[in-house]
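Undergrad: One structure, as structure tokens, below. Some questions next.
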Amino acid sequence: MERKKTKNNDICPVSGKCGGCQLQNMTYDRQLAFKQAKVVKLFAKYCHVTDIVGMDSPYHYRNKVSAAFGTTRGGQIISGVYQSGTHRIVKTDICLLEDETADAIIVTIRRLLKEFKLTAYNEHTGRGFLRHVLVRRGFQTGEVMVVLVTATPVFPGKNHFLEALLTRHPEITTIVQNINDRFTPMIFGEKQKVLFGSGSIEDILCGKRFRISPKSFYQINPVQTEKLYAEAIRLAGLTGEETVIDAYCGIGTIGIAASSLAKTVIGTEVNPDAVRDAVLNAEINGIRNIRFYTQDAGDFMTAVAEEGEKVDVVFTDPPRAGCSMAFLKSLVTLSPHKIVYISCDPETQARDVRFLTQNGYRVKECHPFDMFPHTRHIENIILMEK
């Protein structure tokens, strides 16, 4: 399929204000070439870099959409994204990257606020009701979660509001109220309550079913995620005899997808909500050879290394900041035969790879993926062996 060559700034009404699509001025083929060159610059000294895996249709791929709510000086309620590097809300009705169903639901909620005389939160005064709305949609299942992040647990006219929202959007399968009453840039607060449905949604990825709760991490581009995980598992070369660690495991996606090819899988994740989902996901899929721990990946790996346990393969998919030094040192001590390092920031990945190559590992393969079209971000897989 020929990829679209339309420039985003020809069709995006807020392209000059938002700053989210840093590569909007390039055709998609040019974006791929730009990202390929960046990965080649970082890793060509180690091995051949394969061609970046792009998308046939690089639009509306984000299945998780978050919108901030605020009020203009004229008193108009607006919703949208923060302008890059600021807390200034850019009013957005439709985004070329975001799921169209999610965008439509957010616009409806904004209109319902006015209809029900509810206010948007003002982060300067600390007053107001609605701070953010998060919408997640299962790519395969079509299930839709709406999270209303409010500054107070009191929800005036709640039942009528929910009835109106569900009447306009019957595709919504669950609604959760998260209460964030603190002065903080964090979206979520600690407390939440289910207003409709089960409080979670499910999706299917790599042939496995996954439960996703409001605070759990789940890759935002399911089309590319399936390709990414399939390649990562192929690189691991599992034969059914290996003990595998899935570090930074989230809701267990990689470990669960790889479990049928391994002897034992161990997942570690610091987010307790994600670990609860991971345990349930293993049960949903009838998987018996996987277990999960709620612990920082570096601390967990250090403990495993000190106990002298043998591990054959480690999957690591850390945050953008990369792996901690404690994690890297414990990885060297643990000495798995293979490391499959998935990264959303090749620069921090290159820093970590440099350390590992100085401590007994060599880079065997490098495979970049375009998980975030029209942005500067790149997902990259590095296979390392002893």
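Just so it is clear, none of the values below were taken in a lab; they were calculated from the coordinates. Since the structure is predicted, the reported quantities are computational estimates derived from the model, not experimental observations. Positions of Cβ are generated from backbone atoms using ideal geometry, with glycine treated the same way; all protein chains shown enter the neighbour counts.
Undergrad: Which is farthest toward the positive dipole end of the chain among ASN289, PHE69, CYS249, measuring Cα position about the Cα centre, with Cβ charges +1 (Lys, Arg) and -1 (Asp, Glu)?
TA: Most positive-ward Cα: PHE69.
Undergrad: With bins 10 Å wide starting at 0, give me the P(r) of the range 220-280 over every alpha carbon pair, in whole percents.
TA: The distribution over the range 220-280 is 23, 51, 26, 0, given as percents.
Undergrad: Where does each of 57-66, 193-202 land if you order them by average Cβ count within 10 Å, highest first? Could the numbers behind the result be given before it?
TA: Numbers: 57-66: 19.3, 193-202: 16.8.
Per-residue Cβ counts within 10 Å, averaged per peptide and sorted highest first, yield 57-66, 193-202.
Undergrad: Rank-order 221-232, 337-348, 26-37 by packing density, defined as the average count of other C-beta atoms within 10 Å over each peptide's residues, highest first. Each step should come with its number before you reach the end.
TA: Values: 221-232: 19.3, 337-348: 20.8, 26-37: 17.6.
So the peptides 221-232, 337-348, 26-37, ranked by packing, come out 337-348, 221-232, 26-37.
Undergrad: Where nothing but the Cβ of Lys and Arg (+1) and of Asp and Glu (-1) is charged, how large is the charge dipole of the chain around its Cα centre, in debye to the nearest 20?
TA: Numbers: 48 positive and 42 negative charges, 237 e Å.
The calculated dipole for the chain is roughly 1140 debye.
Undergrad: May I pose another question? Would you tally the net charge around CYS344, using a Cβ to Cβ cut-off of less than 12 Å, leaving CYS344 out, and scoring K and R as +1, D and E as -1?
TA: Taking every other residue near CYS344 into account, the sum is -3.
Undergrad: Which loop trypsin sites (Lys or Arg not before Pro) in the range 245-328, with loop taken from DSSP, have no more than 15 other Cβ atoms within 10 angstrom of their Cβ?
TA: LYS263, ARG288, LYS310, ARG320
Undergrad: Taking only the alpha-carbon positions of the chain and ignoring solvent, what does the Debye formula give for the base-10 log of I(q)/I(0) at q = 0.09, 0.11 Å⁻¹?
TA: So the normalised log intensities are -0.57, -0.84.
Undergrad: Give me the distance in nm between label points sitting 7 Å out from Cα along the Cα-to-Cβ direction at ILE204 and ALA230, one decimal.
TA: According to this spin-label approximation, the distance is 1.5 nm.
Undergrad: Hey, can you grab everything whose amide H is under 5 Å from the amide H of GLU365? Only 5+ residues off in sequence or another chain; H modelled, so Pro and N-termini drop out.
TA: Amide H neighbours of GLU365: LEU383.
Undergrad: I've got another one for you. Just to be sure I understand: of the beta bridges DSSP finds with both ends in the range 64-199, what percent are antiparallel, rounded to 5?
TA: Counting only bridges with both partners in the range 64-199, antiparallel ones make up about 75 percent.
Undergrad: What's the ranking of 233-242, 376-385 by average number of surrounding C-beta atoms within 10 Å, highest first?
TA: So the peptides 233-242, 376-385, ranked by packing, come out 376-385, 233-242.
Undergrad: At 7 Å along Cα-to-Cβ for each site, give me the label-to-label distance between GLU385 and LYS364 in nm.
TA: According to this spin-label approximation, the distance is 0.4 nm.
Undergrad: Assign unit charges at the C-beta atoms only (+1 for Lys and Arg, -1 for Asp and Glu), then state the dipole size of the range 64-199 relative to its Cα centre in Debye, rounded to the nearest 20.
TA: Charge dipole, the range 64-199, about its Cα centre: 480 debye, nearest 20.
Undergrad: Find which of THR184, THR357, LEU118 sits farthest along the positive direction of the dipole of the chain, computed with +1 on the beta-carbon of Lys and Arg, -1 on that of Asp and Glu, about the Cα centre.
TA: LEU118
Undergrad: Please figure out what share of the DSSP beta bridges in the chain is antiparallel and state it in percent, rounded to the nearest 5. List each step's numbers first, then the result.
TA: Numbers: 43 of 72 bridges.
If I count the DSSP bridges inside the chain, around 60 percent turn out antiparallel.
Undergrad: Report, largest value first, the span of the C-alpha coordinates of the range 64-199 along each principal axis, in whole Å.
TA: Between the extreme Cα coordinates on each principal axis of the range 64-199 lie 39, 34, 28 Å.
Undergrad: Under 5 Å between amide H atoms, partner at least 5 residues away or on a different chain: which partners does ASN289 have, H built in plane at 1.01 Å?
TA: none
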